[in-house]
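Q: Take this structure first; my questions come after.
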Amino acid sequence: MRYQDHLFQQRENALLEAARQLFQEQSWDRVTIAEVARHAGIGKGTVYKHFPSKEALYARLVLDRSRQHLGELRAVAQQAPAPQAMRRVIRRAFEQLLADPLQAELCLLCDRPAFQERLEPPYREQFLELEGQYLALFNQLLQASFAELELSPADCQHLLWGVEACVNGVMARIASGGFAHWAEPIALDAYFERVTDFIIAGLQGQAAALHPAPAFSE
């Protein structure tokens, strides 16, 4: 790598790390590009050589961490026996978010239509590509879990709507700080286990309903 390229990458990494630290300390809408630049020890004008907007910087944080998480989930899926792969991947996804609550908060924000409308097209395209990769993984898991049913792509899409709703609910719970403020706090590990049970049971029930067993005449 050329020295100039190495320096460019160093500055970009410094900006991403500065943004992550600032977003952990205060809300997204209060952080400015000038603050990020100052925190990274870089001139404000230089930031725009790396990111065209604050939304782009935010998106990059989400995209980078999400790609890392996806790689881990693929590894979990490959190592687990087919009947257990879906459960293990879902639990690992929850653990990833719990280990990084900021990622849960960022993901929820980046999914808002208003945010996507302000985001530059190349970043929107990256989100669509990433979404397709996650869908491909979960389609693969569904096909392996219900191989005997021969699910169609439309079947898988319908089943994944419920999974997405549950995962978004878990992200919102983690982003809000869990259950510590409840009168009777709930342990997140137990919560994850019950939500995972709910997802698996729902998939099993809905998959069976899509392909009911033929009735036998007497």
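Per-residue answers, yes or no, for (1) closer than 30 Å to residue 53 by Cβ; (2) in contact with a Phe, Trp or Tyr (Cβ under 8 Å, 6 or more places away or on another chain); (3) assigned by TED's automatic domain parsing to the domain that holds residue 84:
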site: 125; (1), (2), (3): yes, no, yes
site: 152; (1), (2), (3): no, no, yes
site: 160; (1), (2), (3): no, yes, yes
site: 184; (1), (2), (3): no, no, yes
site: 199; (1), (2), (3): no, no, yes
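Q: List the helices (runs of 4 or more DSSP H) that sit entirely inside segment 99-218 and contain at least 1 residues that are among the hydroxyl-bearing types (Ser, Thr, Tyr).
A: On the way: elements: 101-110, 113-118, 121-145, 153-175, 188-210.
Here the list reads 121-145, 188-210.
Q: What number of residues within segment 69-106 are under 16 Å from residue 20 (Cβ atoms), surrounded by 18 or more Cβ atoms within 10 Å (Cβ to Cβ) and touching a residue at least 60 places away in the same chain (Cβ under 8 Å)?
A: Residues that pass the stated criteria total 4.
Q: Something else now. Being at pLDDT 95 or above, under 30 Å from residue 197 (Cα atoms) and among the acidic types (Asp, Glu), is that true of even one residue in segment 102-112?
A: So the first thing to find is which residues in segment 102-112 are at pLDDT 95 or above, and the list is none.
Within segment 102-112 (the criterion being at pLDDT 95 or above, under 30 Å from residue 197 (Cα atoms) and among the acidic types (Asp, Glu)), the answer is no, since none of the residues qualifies.
Q: Name the single residue that is surrounded by the most Cβ atoms within 10 Å (Cβ to Cβ) among those in segment 1-55 being more than 23 Å from the chain's Cα centre (by Cα) and of a type in the set (D, E, K, R).
A: Checking each candidate, the answer is 11.
Q: Against the condition aromatic (Phe, Trp, Tyr), under 29 Å from residue 18 (Cα atoms) and either crowded, with 17+ Cβ neighbours inside 10 Å or assigned by TED's automatic domain parsing to the domain that holds residue 172 (or both), how does residue 146 come out, does it pass? Spell out how you get there, then give the answer.
A: Numbers: aromatic (Phe, Trp, Tyr): yes; under 29 Å from residue 18 (Cα atoms): no; either crowded, with 17+ Cβ neighbours inside 10 Å or assigned by TED's automatic domain parsing to the domain that holds residue 172 (or both): yes.
Here the answer is no, as residue 146 does not meet what is asked.
Q: If you scan segment 154-173, which residues turn out to be surrounded by fewer than 17 Cβ atoms within 10 Å (Cβ to Cβ) and either over 18 Å from residue 202 (Cα atoms) or acidic (Asp, Glu) (or both)?
A: Correct list: 164, 172.
Q: If you check residue 129 against the conditions, is it loosely packed, with under 14 Cβ neighbours inside 10 Å and outside the structural domain of residue 19 (by TED's automatic domain parsing)? Quick ask: steps written out before the conclusion?
A: Numbers: loosely packed, with under 14 Cβ neighbours inside 10 Å: yes; outside the structural domain of residue 19 (by TED's automatic domain parsing): yes.
The answer is yes for residue 129.
Q: Just one of (1) under 21 Å from residue 72 (Cβ atoms); (2) out of contact with any helix residue (DSSP H, G or I) (no Cβ under 7 Å at 6 or more places or on another chain); (3) aromatic (Phe, Trp, Tyr) trips up residue 182, so point out which.
A: With (1) under 21 Å from residue 72 (Cβ atoms); (2) out of contact with any helix residue (DSSP H, G or I) (no Cβ under 7 Å at 6 or more places or on another chain); (3) aromatic (Phe, Trp, Tyr) applied to residue 182, the lone miss is (1).
The values are calculated or read from the model by the stated rules, or taken from the named source; none is laboratory data. Source: prediction; values computed, not measured. When we count neighbours, we look across all protein chains shown, and the Cβ atoms used for this are built from the backbone with ideal geometry, even at glycine.
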